[in-house]
Amino acid sequence: AYANSAFLCSRRLDENSSGQFLGTNAAYRVLLPAMAPMLEGDGASELLRYGVRFYQMGGITTIAELAFGGTGTAMEEKLLPGAYNDPATPIRAVAVAMESVYVAEKGERAIEHVMNLRRHSADKFIYHGVKFFSDDAFLSFTMRVGAPGYVDGHQGIWLTEPAQLYERMLPWWRAGFHIHVHS
């Protein structure tokens, strides 16, 4: 994510910043705070209705919410199941919980909490799996690549080192979750 000086000032971010935010810094320091006003009140419901209309116009019948919990676990856990299970909603959604968000919020109870969510799956809103992040994105040239790297020699960034990724995934795997990895 890139931000100009007016945005940096409005968010009280380091004025000496280049305005470039990578990986989780982009999501948690820049994007989520910028989106927060849109998600207050009826804003989240309106965005959801807009998305559903957009998907429907494209003939899409099922979507994957691959960042479930990313904009707020309490809000999403309340809003999304009710909206998608509404008979008037013409599509279904499959929700994949973001491991990093649930662990940060629930700690050792994260697996138990997400497992309990799975028990509330319905025909049109289905909890399915957990998502991990190994590296960043190809659009920002921060996905991790092997030798020789990018043309300028950099190799991208790990969001989770490979050894840590294995350790973080293992308890979820043992609990029977489907594992999704952003790579």
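The values are calculated or read from the model by the stated rules, or taken from the named source; none is laboratory data. The model shown is predicted, which means the values in this text are computed figures rather than measured ones. So basically every Cβ, Gly included, is an ideal-geometry build from the backbone, and we count neighbours across all protein chains shown. These area figures cover heavy atoms from the full protein model, side chains too; ligands, DNA and RNA do not enter into them. Shrake-Rupley method; radii C 1.70, N 1.55, O 1.52, S 1.80 Å.
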Going by the conditions given, is V151 among the β-branched types (V, I, T), farther than 23 Å from G69 by Cα and open to solvent by 50 Å² or more (accessible area, probe 1.4 Å)?
yes
Of all residues being at pLDDT below 75, closer than 23 Å to F141 by Cβ and surrounded by fewer than 11 Cβ atoms within 10 Å (Cβ to Cβ) in the stretch 1-17, which is nearest to the chain's Cα centre (by Cα)? Just the residue, please.
D14
Search the stretch 75-97 for residues that are of a type in the set (F, W, Y) and pair each with any residue that is open to solvent by 20 Å² or more (accessible area, probe 1.4 Å) and not in a helix (DSSP H, G or I) when their beta-carbon atoms are under 6 Å apart and the residues are at least 6 apart or on different chains.
Y84/K124
Sort out which residues of the stretch 134-168 are free of Cβ contacts under 8 Å to residues at least 60 places away in the same chain and either among the hydrophobic types (A, V, I, L, M, F, W, C) or part of a strand (DSSP E or B) (or both), and write them in order of number.
D135, A137, F138, L139, F141, M143, V145, A147, V151, W158, A163, L165
How many residues are more than 19 Å from A104 (Cα to Cα), of a type in the set (A, V, I, L, M, F, W, C) and either part of a strand (DSSP E or B) or modelled with pLDDT under 90 (or both) when one looks only at the stretch 114-133?
2
Can you pull out every residue in the stretch 39-71 that is in a strand (DSSP E or B) and aliphatic (A, V, I, L, M)?
I63, A64, L66, A67
Result of the Cβ filter at 7 Å on the stretch 58-73, keeping first residues that are under 19 Å from K124 (Cβ atoms) and open to solvent by 40 Å² or more (accessible area, probe 1.4 Å) and partners that are in a strand (DSSP E or B) and among the aliphatic types (A, V, I, L, M), at least 6 apart or interchain, is T62/V94; A64/V94; A64/V96; E65/A93; E65/V94; E65/A95; E65/V96; L66/V96
Could you list, in sequence order, all residues of the stretch 141-158 that are at pLDDT below 90 and aliphatic (A, V, I, L, M)?
A147, I157
Evaluate the following for R168: is it closer than 15 Å to E77 by Cα, charged (D, E, K, R) and at pLDDT 90 or above?
no
From the residues in the stretch 61-92 that are β-branched (V, I, T) and touching a strand residue (DSSP E or B) at 6+ places or on another chain (Cβ under 8 Å), which one is farthest from L117 (Cα to Cα)?
T61
Answer with yes or no whether K131 is under 25 Å from R49 (Cα atoms), basic (K, R) and either under 17 Å from the mean Cα position of the chain (by Cα) or loosely packed, with under 15 Cβ neighbours inside 10 Å (or both).
yes
Which of the following residues is under 24 Å from G41 (Cβ atoms) and in contact with a helix residue (DSSP H, G or I) (Cβ under 7 Å, 6 or more places away or on another chain): G70, G82?
G70
Spot the failing condition for V103; the list is (1) within 14 Å of the chain's Cα centre (by Cα); (2) outside any helix (DSSP H, G or I), and only one is missed.
(2)
